[in-house]
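Engineer: Got a structure here, written out as structure tokens. Questions coming.
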Amino acid sequence: MCFDIGGVLIRITPLWSEAARVAGIELPSRFEAHTELDSAPFFPAYQRGEISHEDFYEQLRDFLGLATTLEAERVHRHILVEPYPEVEAMIRDFNDAGYSTACLSNTNEPHWREMSESGRFPAHLALGHRFASHEMGLLKPQPEIFQAFEKAMGVTGNEVAFFDDSTMNVEAAKALGWHAFRIDPARNTVPQVKTYLESVVGKSERL
């Protein structure tokens, strides 16, 4: 069982303006309210671990039109909102049933540290294996990141059930033979995962 983190196990805000609102920071009126996270041109490089935290926060400060990098850091921190209901129990149930559980996440070091050390996201710690883009130097939907996961886990694509909120990531995984399913992040995710699993459990001993 392989899960994306944001939009599957953890509720995130997909918009910079929403992250700023939660952080209590007012963006300039000229900033487009519906700007998605990936619209920041430097964000993918940061999530591949290619630029430093200092460079990232400086570029984010300028992108958002903020006065300081501290404000940019606060906005970025508030992308992570809360766990979806019952995700920890779901992961522990899968572990107890003998399934291998893992995540494959486009993320970055500050968010990874928050998920690992803050105590706010116990489902993340309950996973048997954790794979992060900034540590791998790769991003979904690149096929290489899925292939690296297969190699590290010692599995082939048809042995993996994969859940992600991105259609592009799901289609990329399917192209490699994964049992991949798109999760709607606007709804509770655990019932969606369980419904999808009914169509794949039993097809592979390694799922």
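Readers should treat all values here as calculations from the given coordinates under stated rules, not as data from a laboratory. No experiment lies behind these values; they were computed from the predicted model shown. Every residue, glycine among them, receives a Cβ derived from its backbone with ideal geometry; neighbour counts consider all protein chains shown.
Engineer: If I filter the range 42-93 down to residues being in a helix (DSSP H, G or I) and of a type in the set (Phe, Trp, Tyr), which single residue comes out as surrounded by the fewest Cβ atoms within 10 Å (Cβ to Cβ)?
Structural biologist: PHE63
Engineer: Evaluate the following for VAL193: is it β-branched (Val, Ile, Thr), closer than 18 Å to ARG130 by Cβ and part of a helix (DSSP H, G or I)?
Structural biologist: Here the answer is yes, as VAL193 does meet what is asked.
Engineer: Which of the residues that make up the range 1-41 are of a type in the set (Ser, Thr, Tyr), in a helix (DSSP H, G or I) and over 17 Å from the mean Cα position of the chain (by Cα)? Break it down into steps so the answer makes sense when it comes.
Structural biologist: From the range 1-41, those of a type in the set (Ser, Thr, Tyr) are 13, 17, 29, 35, 39; that's our starting set.
Next cut, in a helix (DSSP H, G or I) only: 17, 39.
SER17 - this is the single residue of the range 1-41 that is of a type in the set (Ser, Thr, Tyr), in a helix (DSSP H, G or I) and over 17 Å from the mean Cα position of the chain (by Cα).
Engineer: A further question follows. Restricting to the range 73-89, name every residue that is closer than 29 Å to GLU36 by Cα and not acidic (Asp, Glu). Full working, then the answer.
Structural biologist: Of the residues in the range 73-89, the ones closer than 29 Å to GLU36 by Cα are 73-88.
Selection gives ARG74, VAL75, HIS76, ARG77, HIS78, ILE79, LEU80, VAL81, PRO83, TYR84, PRO85, VAL87.
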